[in-house]
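K.L.:
Could you have a look at this structure, given as structure tokens, before my questions?
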Amino acid sequence: MKKSSYLGLFLVSLFLLNNLYAQVEPPTCKEKLKTALDYLERDLEYSEALKNEIYASIEPCFDNTTIEEKYRIAILILKGHFPKKGEKEAFTLLEEVVAQGYQKANYDLGVLYKEGRGCDIDFDKAMSCFRKAAKQNHEKAAYSIGYLYLKGLGTIEQNYKQAIAWFKQSDYPMAKHWLAVCYFYGYGVAQDQNRAISYLSESTIVNSKTLIDQFETEKTNTLSAGGRTTSESSQNIRANKTVELPEESFNYFSLNEETIFDHWTGKIIQYDWSGKHIKRTLPIRLSIEEDGENSSYKFEINEQEIKGEAAYYDNEVSFQDLTISLERLLADHPKQKNITYTIVSANLKEIEYQGIRYLKGQLETFIPEWKEPGMPMDIILAKESTISEEAIEALAGQDKSFIKLYPVPFQKDILIQYELEHPATVEVVIQDYTGTQNKSIAARSAKNAGKHLHHFDSTGLPKGIYIVKVLVNGEAHTRIVIKK
């Protein structure tokens, strides 16, 4: 038996002791709670049976707890130490203690809103909680706001300047880490590589210490190239800003299945979080084939070949189980040189540039390890064997989809966001891929110009491929999305 189990059984035995001797008083609720909470907060390996015994012994004490004890119980529930209690109970407890003035809990409540744990996903409420916690000098709260702005997660608009402002308010080590990244590459601030390296040098965390080597190397390469960032052939590392050409430089064509189902050669373009600066390009091959009612894909990149089922609907292709491993752009982990991306879908259009037709698509990606979207990616494909650098720079640049979905893929909650240039009549629905099942998300109604957001709880819907439709004055805008 593990040492933690011995300790746990000893603890439980104390709780369950009867008053065997007249001179021994049974432990009070306060004593039981303090002993149990102190023990569980050590985060040892506890068996389910042990956790249930501890919970049973202190449950009668829950009706007479202090605000701090309620907060500690909520955190232990979230850590899984009270199996009979779920995230909804933890969320309710945190709401209760915040209402009673326990401001420390605002940060934890913000995390639950951001992740949709025990509540609906709500980034506005998450930001509100983080701001309140930041006013109480909670270092992770200011960092969390900065992180949301840095990557533009959920319904938060990506904004480097806001990210930097909030990172500077936090003493949390990762805030200084991301400040260094912003200064090194000039994201939202005048580029200052020396200042960036200084931030990393002052840090005590391993991520920052590891990243110093990459920054020192890149700085040396930049100086040796006369101020231009050099490329590494294995990853085609770049630091180019996308080129904006007049619309008359391009011709657009209606996309159909005959075009999509073919063999293509091209590039993946990965951008910084703003989608404005090319970080690297990677050669790929993509084949999409139709066999009766079924479609399949073959995706080749960096000596990896992935095959699976594909689905096509209204200019968008979804990929089942398309997972690739790429070298980390930021080498800030001492053991992990690569990161795994799941490519969920590609929103495609056919463009002609200088007499050559291309397929260009915005990729929807997800990083399972971080449980968040990857950096913006495009795909540019042609039937010619190569795509010129000029064509890449001309065609590169993130085109915003009319519908923004989060998270992708989703498990329960999904947020549907869109922006209207003019007032319009709008209806929002979700249907399965075959079109046999439809659910209304927002009934047909008049909407003002501006951004609109809908929350959908998919409880009851089976896993699979779904189509989100936003009908604006009868015109359908669609997105493919996968429920896991």
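The values are calculated or read from the model by the stated rules, or taken from the named source; none is laboratory data. Quick caveat: nothing in here was measured; it's all calculated off a predicted structure. Glycine gets a Cβ as well: all are built from the backbone with ideal geometry, and neighbour counts include every protein chain shown. Only protein heavy atoms, including side chains, enter the accessible area calculation; ligands, DNA and RNA are left aside. Shrake-Rupley method; radii C 1.70, N 1.55, O 1.52, S 1.80 Å.
K.L.:
Output the residues belonging to region 432-448 that are modelled with pLDDT of 95 or more and either among the β-branched types (Val, Ile, Thr) or farther than 23 Å from ASP122 by Cβ (or both).
P.N.:
Across region 432-448, the qualifying residues are ILE441, ARG444, ALA446.
K.L.:
Which of the strands (runs of 3 or more DSSP E) contained wholly in region 246-362 include at least 3 residues that are at pLDDT 95 or above and exposed (fewer than 15 other Cβ atoms within 10 Å of the Cβ)? Before you say what the answer is, go through the steps one by one.
P.N.:
Numbers: elements: 250-253, 263-271, 277-291, 294-301, 304-313, 316-319, 323-327, 338-353.
Because the criterion is at least 3 residues that are at pLDDT 95 or above and exposed (fewer than 15 other Cβ atoms within 10 Å of the Cβ), the strands (runs of 3 or more DSSP E) in region 246-362 that meet it are 304-313.
K.L.:
Assess whether GLY110 counts as being open to solvent by less than 50 Å² (accessible area, probe 1.4 Å), not charged (D, E, K, R) and not in a helix (DSSP H, G or I).
P.N.:
So GLY110 does not fit the description; no.
K.L.:
Could you tell me whether region 389-403 includes any residue that is open to solvent by less than 10 Å² (accessible area, probe 1.4 Å) and not aliphatic (A, V, I, L, M)?
P.N.:
no
K.L.:
Next question. List the residue pairs whose Cβ atoms are under 6 Å apart, where the first residue sits in region 160-185 and is touching a residue at least 40 places away in the same chain (Cβ under 8 Å), the second is open to solvent by 20 Å² or more (accessible area, probe 1.4 Å), and the two are 6 or more positions apart or on different chains.
P.N.:
From residues that are touching a residue at least 40 places away in the same chain (Cβ under 8 Å), the pairs are TYR160/GLY188; HIS177/ASN207.
K.L.:
Kindly provide the set of residues from region 191-224 that are among the β-branched types (Val, Ile, Thr) and more than 16 Å from TYR172 (Cβ to Cβ), ordered by number.
P.N.:
Listed by number, the residues that qualify are ILE197, THR210, ILE212, THR217, THR220, THR222.
K.L.:
Looking at LYS219, LYS176, LYS209, which one is in contact with a helix residue (DSSP H, G or I) (Cβ under 6 Å, 6 or more places away or on another chain) and more than 30 Å from LEU112 (Cβ to Cβ)?
P.N.:
LYS219
K.L.:
Still on this structure, please answer the following. Please specify each residue of region 278-332 satisfying the condition of being over 30 Å from TYR185 (Cβ atoms), of a type in the set (Gly, Ala, Ser) and in contact (Cβ under 8 Å) with a residue 24 or more places away in the chain.
P.N.:
SER287, SER295, ALA311, SER318, listed by residue number.
K.L.:
Please pick out the residue among GLU421, GLU369 that is on the phi < 0 side of the Ramachandran plot, surrounded by fewer than 18 Cβ atoms within 10 Å (Cβ to Cβ) and modelled with pLDDT of 95 or more. Write out each step before concluding.
P.N.:
On the way: GLU369 fails: modelled with pLDDT of 95 or more.
The conditions single out GLU421.
K.L.:
Also, quick follow-up: Where residues in region 281-301 are closer than 28 Å to GLU389 by Cα and of a type in the set (S, T, N, Q), which of them is nearest to the chain's Cα centre (by Cα)?
P.N.:
The residue in question is THR281.
K.L.:
Of all residues in region 449-480, count the ones that are among the aliphatic types (A, V, I, L, M), under 21 Å from the mean Cα position of the chain (by Cα) and within 25 Å of LYS125 (Cα to Cα).
P.N.:
The number of residues fulfilling the criteria is 2.
K.L.:
Filter region 33-54 for residues that are of a type in the set (A, V, I, L, M) and either in a helix (DSSP H, G or I) or surrounded by 18 or more Cβ atoms within 10 Å (Cβ to Cβ) (or both) and give the result.
P.N.:
Residues satisfying the conditions are LEU33, ALA36, LEU37, LEU40, ALA49, LEU50, ILE54.
K.L.:
When you look at VAL426, is it surrounded by 15 or more Cβ atoms within 10 Å (Cβ to Cβ), in contact (Cβ under 8 Å) with a residue 24 or more places away in the chain and within 30 Å of TYR341 (Cβ to Cβ), yes or no?
P.N.:
no
K.L.:
Still on this model: So which residues in region 149-165 are of a type in the set (A, V, I, L, M, F, W, C), surrounded by fewer than 24 Cβ atoms within 10 Å (Cβ to Cβ) and in a helix (DSSP H, G or I), if there are any at all?
P.N.:
Passing the criteria: ILE164, ALA165.
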